[in-house]
1. Out of curiosity, is PRO447 in contact with a Phe, Trp or Tyr (Cβ under 6 Å, 6 or more places away or on another chain) and open to solvent by less than 10 Å² (accessible area, probe 1.4 Å)?
2. Of (1) under 29 Å from LYS443 (Cβ atoms); (2) part of a loop (DSSP other than H, G, I, E, B), ASN304 satisfies all except one. Which?
3. Do we find that ALA60 is surrounded by fewer than 23 Cβ atoms within 10 Å (Cβ to Cβ) and within 14 Å of the ligand (Cβ to nearest atom) in this structure?
4. The conditions are (1) part of a loop (DSSP other than H, G, I, E, B); (2) at pLDDT 95 or above; (3) over 15 Å from ASN355 (Cα atoms), and ILE509 fails exactly one of them. Which is it?
5. Considering every residue within the range 266-281, establish whether at least one is in a strand (DSSP E or B), within 15 Å of the ligand (Cβ to nearest atom), in the same structural domain as LYS178 (by TED's automatic domain parsing) and not β-branched (Val, Ile, Thr).
6. Quick one: is LEU88 among the hydrophobic types (A, V, I, L, M, F, W, C), open to solvent by less than 20 Å² (accessible area, probe 1.4 Å), in a loop (DSSP other than H, G, I, E, B) and modelled with pLDDT of 95 or more?
7. Look through TYR290, TYR315, TYR345 and report the one residue that is among the hydroxyl-bearing types (Ser, Thr, Tyr), in contact (Cβ under 8 Å) with a residue 40 or more places away in the chain and within 9 Å of the ligand (Cβ to nearest atom).
8. Based on what the data block shows, is PHE323 open to solvent by less than 10 Å² (accessible area, probe 1.4 Å), within 14 Å of the ligand (Cβ to nearest atom) and free of Cβ contacts under 8 Å to residues at least 40 places away in the same chain?
Amino acid sequence: MKKPDIYITTPLYYVNSHPHIGHTFTTVVADIVKRYHKLFGRQVYLLTGTDEHGEKIAMAAQNAGVDVKKFVDDNSKRFKEVWDLMGLEYDDFIRTTEERHKKVVRYLLQKLHDTGDIYFASYEGHYCIGCERFITASELVDGKCPDHGTVPKLVKEENYFFKMSKYVDTFKKEIEKKPDIIRPEWYRNEVLGYLKEKIEDLCISRPKDRVSWGIELPFDNRFVTYVWFDALLNYISAIGYPDNPEFKDYWNVSEHFIAKDILRTHTIYWGTMLLASGLPLYKHLNVHGYWNMSGMKMSKSLGNVIEPTAFKQKYGDQGLRFFFLREMHWGEDSDFTMERYIGRYNTDLANNYGNLISRTMGMMEKYYPNDEKIEITKDLLSKHPLKDALENVIKSYKNDFYKYEFHKTLELMWALFDDTNKHIAESKPWEIAKAGDKAALCKTLAPVLEIIRITTYMLTPIMPLVCTQILNELGFEGAVNVKFDDFTKWGYSKTFNVKYKNKKFFERIEQ
Ligand code: MSP
């Protein structure tokens with residue numbers, strides 16, 4: 001691959017459970033962002049994968065009565081299968097049990113041990129297995145972990161520690177200097193809030209007699225590496241740290257996508273680990289909120305999950321991708337209910353966008369039969385009010401989308417569809433056709449076709465399969481091989497040769 005313009009990562013998902021809609025969301029967003037940038041000719045590299053060591057996974061394997069290696073192999077495969085089934089365009093899938101990753105973990109542990117940033121001591125703290133980390137007293141709510149609702153267990157043992165406290169000030173200065181390093185900004189403020197507390201050093205080992213499923217410390221074989229210290233390093237091990245001469249090309253343009261549950265680990269832990277290793281911080285940390293079910297975070301431990309494979313079998317995945325982006329306001333929580341999904345799908349996709357396409361293509365088929373082309377000349381398109389609204393959508397797509405404020409662009413785009421549907425209702429092309437005035441008919445339909453062509457192109461990263469099909473039926477190849485600034489030009493297409501095959505692109509979901 002050419003030098004990347006953006007290196008995108010998702011979290012590495014724990015293999016103690018199967019993928020649900022929450023995991024699917026982050027991975028789908030990463031895929032959409034990749035496809036979005038590709039429209040502008042940018043090179044994007046997308047990494048995802050699975051987090052496979054630690055106490056939580058070892059316990060899950062034991063509870064399932066399966067050998068832990070087989071357990072992680074099977075469950076990791078499931079994540080990969082689901083991403084493939086959803087058609088996600090990842091470039092690499094890393095597993096923390098792979099040798100290419102383990103050797104980087106060992107390398108870095110040794111390096112930090114040699115420089116004195118890792119030391120041996122005894123420790124007592126409250127450990128939440130769900131989070132796989134020690135919880136500070138200020139995080140506890142009624143003595144329980146706020147994310148898992150469980151009482152952390154008191155653990156006292158001798159371990160190795162990473163001098164996290166030594167790097168906290170530098171980390172704080174770095175994020176103060178870079179207002180958009182953590183987005184949206186309120187999460188950056190939240191992190192600055194954490195940094196007001198005293199940050200202790202990080203316990204980065206587990207004695208093998210308690211947890212043996214992990215990467216052995218290179219300097220003490222009685223211990224394995226703490227799972228977060230291991231997993232976070234995937235972001236650099238996957239791109240060949242430290243030997244790959246191209247490593248920096250990737251790292252300098254890195255963007256992590258995570259939900260807020262792992263904000264602390266991706267800032268205080270990961271930030272200080274990077275600084276101690278002599279590496280710059282990631283370029284951006286993009287943080288989204290939770291998909292909730294009845295106000296509770298969707299999660300395996302709470303048992304309230306929607307399973308992506310079953311969802312896809314019943315409803316497909318194009319509508320889901322749209323729903324994800326339209327419904328969640330980036331950074332905030334959102335409720336996932338089937339009522340909301342079906343409501344959004346029927347209103348926005350079936351009734352509005354879908355109907356606009358079907359009626360327009362239906363008219364084209366009827367009024368321009370036998371391969372007759374509609375010629376688009378400049379005077380047919382000049383100064384149309386729909387054009388101004390479209391320019392606004394394009395501007396928002398370039399700006400808001402880039403900040404992951406997807407819903408704003410989609411809101412504007414759907415208002416444009418309303419106006420376009422209104423334009424059809426008011427100009428009554430069927431009466432013009434009846435009167436046999438082809439020139440006037442062309443003048444009415446040309447802006448509608450342009451709106452559909454350009455917006456469908458812009459929607460391709462969100463609904464690649466169906467949008468490509470729509471573009472094909474409009475007589476275009478699809479979004480590949482055409483540059484954004486060319487294809488979104490009003491009047492870029494000189495003719496439309498509609499070959500309408502689908503009677504409906506978005507069938508209503510009847511309950
Ligand atoms: N293994 C760690 C991450 C290590 S990264 C080096 C982990 N794994 S996880 O399986 O629990 O995945 C957490 C991530 O899954 C969240 O940050 C988010 O990306 C996604 N989500 C899981 N449940 C979710 C929701 N209910 N809503 C939104 N995103 C969700 O943490």
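1. On the way: in contact with a Phe, Trp or Tyr (Cβ under 6 Å, 6 or more places away or on another chain): no; open to solvent by less than 10 Å² (accessible area, probe 1.4 Å): yes.
No: the conditions fail for PRO447.
2. The failed condition is (1).
3. Values: surrounded by fewer than 23 Cβ atoms within 10 Å (Cβ to Cβ): yes; within 14 Å of the ligand (Cβ to nearest atom): yes.
Taking the combined requirement at face value, the residue satisfies it.
4. Looking at each condition in turn, ILE509 falls short on (3).
5. Filtering the range 266-281 for residues in a strand (DSSP E or B) gives none.
Within the range 266-281, none of the residues are in a strand (DSSP E or B), within 15 Å of the ligand (Cβ to nearest atom), in the same structural domain as LYS178 (by TED's automatic domain parsing) and not β-branched (Val, Ile, Thr).
6. Details: among the hydrophobic types (A, V, I, L, M, F, W, C): yes; open to solvent by less than 20 Å² (accessible area, probe 1.4 Å): yes; in a loop (DSSP other than H, G, I, E, B): yes; modelled with pLDDT of 95 or more: yes.
Criteria met by LEU88.
7. Numbers: TYR315 fails: within 9 Å of the ligand (Cβ to nearest atom); TYR345 fails: within 9 Å of the ligand (Cβ to nearest atom).
Only one candidate passes the filter, namely TYR290.
8. Yes: the conditions hold for PHE323.
The values are calculated or read from the model by the stated rules, or taken from the named source; none is laboratory data. Bear in mind the structure is a predicted one, so any value in this text is a computation, not a measurement. No Cβ is skipped: glycine too gets one built from the backbone with ideal geometry, and neighbour counts run over all protein chains shown. The accessibility values were calculated without ligands, DNA or RNA, using every heavy atom of the protein model including side chains. Shrake-Rupley method; radii C 1.70, N 1.55, O 1.52, S 1.80 Å.
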